[in-house]
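> Got a structure here, written out as structure tokens. Questions coming.
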Amino acid sequence: MGSWCFFAFLWSAYFCYGTLSCPPLCKCYPRRAEVVCNEVPLTEYPSEDLPEDTTMLTIQFTNITSISEQHVNTTPRLEGLHLYGNHLQNLSSHFLRGVPLLNTVDLTGNKLSELPANVFSHAPLRSLVLKNNLIEQVNVEWLTDNSSLTWLDLSGNCLTEIPSAFLQKLPHLDNLDISNNRLGKLSPNSLLPLTKLERLNLQNNKLETLDESTLSGPRNLTYLFLSRNKLNKLPSNLFQGLSQLQLLSLDDNQLSHIPVGLLDPLESLDEQGLDLSNNPWLCDGKVEYLWRWLQKNKVKVFLPETVICAKPPPLKGRPVISLTDSEINVQS
């Protein structure tokens, strides 16, 4: 009786979940059709033993250096592919062609530098993470027109620019992370097609200024990160129309002044939602707008006492908000 029950269980498992095979060094979870290969000495993609009905595959911290279309085709029902922290150096141009249900690809922490055209164009991806690789250039042909991507993370690479033609392919994007790169500028109107963008991370780049048209497209922005750049001037209407912005980081830049009216459109800022710290503020007559705005909106500023004068020498180290009319030569 016991043997009969055992074979009945095996038959049931096979019928419901497909083959019971599992790659050596990996763990398989048939009930959720998931395979995890974590911190194991794999040197090749374990395609031969992967259950055909796998929908979620995680291979991380292995010695795998490449993946081909033939590898991925062994799991045609795949929906999520997570390849974090391996040694991937290249991908074939059509490696996603056999996975028509795939919506998530995470390639964080590999050694990818150049990716071929069409590399992500064969699957209906909604989330693509290329964080912490060695990518120097974005190829416009990575994706098809009208891509379904809603989440794109290119942070931690070596990018110096983002082609406008590439961004035009991303009308559904709501999160874009290009932080920790080497961007020196953004082309005017380059973000115009990103009308659904809610979160934009540009921190830790080399931006010195932004064109007044930069943020005219993504009017739904809720979070905007610009810290740790080299911003030294901003156009007065840069934030015009960003009525939903809740968080804005401008800390660790080179701002000595901001133009009159710059912060006025930001009525939806959260409490402590604006960070202006670690900028070399020049506390002369031109600081009056910032001074008055801080007085009126202190609750919206993260640690307002850290918005400090760098010059002139008599006021160095003083919080801008603490200045008096006479100290900045304000006319009553």
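> List pairs: first in the range 30-49 and over 14 Å from LEU83 (Cα atoms) and touching a residue at least 40 places away in the same chain (Cβ under 8 Å), second open to solvent by 60 Å² or more (accessible area, probe 1.4 Å) and assigned to a strand (DSSP E or B), Cβ under 8 Å, 6+ apart or cross-chain?
Every condition considered, the pairs that remain are ALA33/MET56.
> Then there's this: For GLU48, state whether it is modelled with pLDDT under 95 and either of a type in the set (Val, Ile, Thr) or within 30 Å of THR144 (Cβ to Cβ) (or both).
In short, no.
> Condition check: touching an Asp or Glu at 6+ places or on another chain (Cβ under 8 Å), on the phi < 0 side of the Ramachandran plot and aliphatic (A, V, I, L, M). Does LEU78 satisfy that?
Against the criterion (touching an Asp or Glu at 6+ places or on another chain (Cβ under 8 Å), on the phi < 0 side of the Ramachandran plot and aliphatic (A, V, I, L, M)), LEU78 does not qualify.
> Need the failing condition index for TRP281 against (1) more than 23 Å from the chain's Cα centre (by Cα); (2) open to solvent by less than 10 Å² (accessible area, probe 1.4 Å); (3) closer than 19 Å to ASN189 by Cβ, just the number.
The single condition TRP281 does not satisfy is (3).
> State which residue is most open to solvent (accessible area, probe 1.4 Å) when the search covers only the range 256-278 and only residues that are of a type in the set (A, V, I, L, M, F, W, C) and in a loop (DSSP other than H, G, I, E, B).
Keep residues of the range 256-278 that are of a type in the set (A, V, I, L, M, F, W, C), which gives 258, 260, 262-263, 266, 269, 274, 276.
Now narrow it down to the ones that are in a loop (DSSP other than H, G, I, E, B): 258, 260, 262-263, 266, 269, 276.
Numbers: ILE258: 13, VAL260: 117, LEU262: 1, LEU263: 1, LEU266: 2, LEU269: 14, LEU276: 1 Å².
In this case the residue turns out to be VAL260.
> Please find, among LEU173, LEU183, LEU191, the residue that is aliphatic (A, V, I, L, M), in contact with a helix residue (DSSP H, G or I) (Cβ under 9 Å, 6 or more places away or on another chain), over 18 Å from VAL129 (Cα atoms) and at pLDDT 95 or above.
LEU191
> Kindly indicate which of LEU159, LEU149 is under 19 Å from LEU221 (Cβ atoms), modelled with pLDDT of 95 or more and crowded, with 16+ Cβ neighbours inside 10 Å.
LEU149
> Could you tell me how many of the residues in the range 220-255 are in a loop (DSSP other than H, G, I, E, B) and open to solvent by less than 40 Å² (accessible area, probe 1.4 Å)?
Matching residues across the range 220-255 total 17.
> Now for a different question. Please pick out the residue among GLY85, GLY98 that is at pLDDT 95 or above and surrounded by fewer than 20 Cβ atoms within 10 Å (Cβ to Cβ).
None of the others qualify; the one that does is GLY85.
> Any residue at all in the range 69-79 that's open to solvent by less than 40 Å² (accessible area, probe 1.4 Å), among the hydrophobic types (A, V, I, L, M, F, W, C) and under 20 Å from ILE135 (Cα atoms)? Can you show your working first?
Applying the first criterion (open to solvent by less than 40 Å² (accessible area, probe 1.4 Å)) to the range 69-79 yields 69, 72, 75, 78.
Of the ones still in play, those that are also among the hydrophobic types (A, V, I, L, M, F, W, C) are 72, 78.
With the extra rule that they be under 20 Å from ILE135 (Cα atoms), the set shrinks to none.
No.
> Assess whether ARG126 counts as being open to solvent by 60 Å² or more (accessible area, probe 1.4 Å), within 26 Å of SER68 (Cβ to Cβ) and not hydrophobic (A, V, I, L, M, F, W, C).
Yes.
> Right, another one. Quick check: is even one residue across the range 109-116 over 18 Å from the mean Cα position of the chain (by Cα), over 21 Å from GLN60 (Cα atoms) and at pLDDT 95 or above?
no
> Hey, another quick one. Which numbered condition trips up ARG182, out of (1) more than 26 Å from ALA123 (Cβ to Cβ); (2) open to solvent by less than 10 Å² (accessible area, probe 1.4 Å); (3) not hydrophobic (A, V, I, L, M, F, W, C)?
With (1) more than 26 Å from ALA123 (Cβ to Cβ); (2) open to solvent by less than 10 Å² (accessible area, probe 1.4 Å); (3) not hydrophobic (A, V, I, L, M, F, W, C) applied to ARG182, the lone miss is (2).
> Got a sec? Which of ASP211, ASP153, ASP174 is in contact (Cβ under 8 Å) with a residue 12 or more places away in the chain, of a type outside the set (Gly, Ala, Ser) and in contact with a strand residue (DSSP E or B) (Cβ under 6 Å, 6 or more places away or on another chain)?
It is ASP153.
> Out of all the residues in the range 287-309, which are surrounded by fewer than 15 Cβ atoms within 10 Å (Cβ to Cβ) and under 30 Å from SER213 (Cβ atoms)?
Correct list: ARG292, LYS296.
> Would it be correct to say that LEU247 is closer than 21 Å to TRP291 by Cβ and at pLDDT 95 or above?
Criteria not met by LEU247.
The values are calculated or read from the model by the stated rules, or taken from the named source; none is laboratory data. From a predicted model like this one, the values you see are computed outputs, not experimental measurements. FYI the Cβ positions are ideal-geometry reconstructions off the backbone, even for glycines, and counts take in every protein chain you see. SASA here: full protein model, heavy atoms, side chains in, ligands and nucleic acids out. Shrake-Rupley method; radii C 1.70, N 1.55, O 1.52, S 1.80 Å.
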